Amino acid sequence: MDNERLSYLLDKYEQGLCSVAEQAELDDFYHALDAGDPLELPSHIQTDIKDYISDRYKRLKAIIDDQQQGAKKKDHTVFYKIAAAVFVLAATGFIYYQIQRRFSHVTKLPAVASYDAMAARATSGRYVRLPDSSVVVLRAGSNLKMDGAGFNVATRSVNLVGEAYFDIHHDKDKPFIITAGPLKVTVLGTAFNIKEQGDSVTVTVTRGKVRVERADRTIAVLTKDQQLVYAKSEAVQQQVASAAIAKWMVSGLQFKGESLRDIATKLQERYGVVINLEGKLNDCRITITDTFNGTESIEEVLNFICPIVNASFAKSGTNYTISGQGCE
C-alpha cells in the first residue's frame, strides 16, 4: 500500500467513516507489517532517525491521548497499530530522503518540466502533483513551469502564467517560490490562489502565510482571507472570503446527472490519466455537488464515485480501469 492510500484510509478511520472493505484493507496492511522483518537502520543515520522518530512519536502520542480522554468505550488498538505503521513509514521516508540527498546526482528530473492546462475544457482545471508532493490545480488556459534539475534541491521554484491554486508540502529548509508576472511569492504557510494577467497579479491566501515581493523588496505578508492586488506598480491589500475566490477549482468536479462515460472524460483531462470502463457502466448517471474541494487526487475522486455505481477501480501506472455491476 502506498503512502497516499494509507493516508486516505487513516483519515477515514479517524472520522469513523471506513467501509467494511476499507477496514479489511487496513487490517491486512497491519498483519503484513507484523509478519515483516523489523526495520534496520543504516549506522550512519541512526542518530538522526532516532531523534526524528522520537519527535514524531511524542506528537502523535499527544494526539491519541487527547482523543482517549474524550472517548467512551472506544477501542484504540487499531489506532495504536496505525501509529506504529506511521513510524515505520516515517523512518523509511527519512532514510529515502537521506539517500536521495547524498546521491541526487545519479538520477535527475528532466531539465525543464512544463505542465500546461491549455488543452483542458474551458470549465476544467488541471491537477498536478509536483515531485515534492505539493499539489497545484491549474485553471484552464494556464501554464506552470519548473526547472526539473534544480527543483527541490536548494529551493523549489516555479513560474506561473495564468491562474492556479497551490497547496504546498511543508519543508522549512527548501522555500517554495512562485514567480508570477513582476512578483515573487514565497510560501511561509500552505494554501493560496494566484492569478496573473498581464502586469496584474492577485494573491489570495486560504490557509497559512505567504510573502509577496517585487525586485527583492517585500510588499506584503499575507495570512488567511487576505488578498493583495498588484497592478501598475501599485499594491492594494484587503480582507476577502478566500474560499469563494478559489471556488473555480471544483468546476470540473461537479456533475449533475452526467453519464460515467462523460465524467471519465473530464477526469482524464483534469488528471492527465487514461480511464477505461468495463461492463455496463458507461451510461450510469451520477450527480455530485459540493463534495470535493478541488485538491483531491484521482484516487480520492474514484474512491468516492465507484461505490455509487457498484464498481471498483484498478490502477496500472497512469491507467485506471473501472469495473463492476453498474447501476442496473
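The values are calculated or read from the model by the stated rules, or taken from the named source; none is laboratory data. This structure is a prediction, so every number in the text was calculated from the model and none was measured. In this analysis, Cβ positions are derived from the backbone assuming ideal geometry, glycine residues included, and neighbour counts consider all displayed protein chains. Only protein heavy atoms, including side chains, enter the accessible area calculation; ligands, DNA and RNA are left aside. Shrake-Rupley method; radii C 1.70, N 1.55, O 1.52, S 1.80 Å.
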Can you tell me which condition residue 158 does not meet? The list is (1) open to solvent by 30 Å² or more (accessible area, probe 1.4 Å); (2) farther than 28 Å from residue 263 by Cβ; (3) assigned to a strand (DSSP E or B), and all the others hold. (1)
Tally of residues being open to solvent by 40 Å² or more (accessible area, probe 1.4 Å) and not acidic (Asp, Glu) across the stretch 182-203: 6
Among the residues of the stretch 161-180, write down those that are buried (at least 19 other Cβ atoms within 10 Å of the Cβ) and either more than 25 Å from residue 296 (Cβ to Cβ) or of a type in the set (Gly, Ala, Ser) (or both). 162, 164, 180
Only one of 281, 267, 260 is in contact (Cβ under 8 Å) with a residue 60 or more places away in the chain, surrounded by 13 or more Cβ atoms within 10 Å (Cβ to Cβ) and of a type in the set (A, V, I, L, M, F, W, C); which? 260
All positions within the stretch 286-328 that are aliphatic (A, V, I, L, M), part of a strand (DSSP E or B) and loosely packed, with under 15 Cβ neighbours inside 10 Å: 314
Among the residues that make up the stretch 205-226, is at least one of them assigned to a strand (DSSP E or B), within 19 Å of residue 135 (Cβ to Cβ) and either open to solvent by 70 Å² or more (accessible area, probe 1.4 Å) or among the basic types (Lys, Arg) (or both)? yes
Just give me the residues in the stretch 251-274 being in a helix (DSSP H, G or I), more than 21 Å from the chain's Cα centre (by Cα) and charged (D, E, K, R), in sequence order. 261, 262
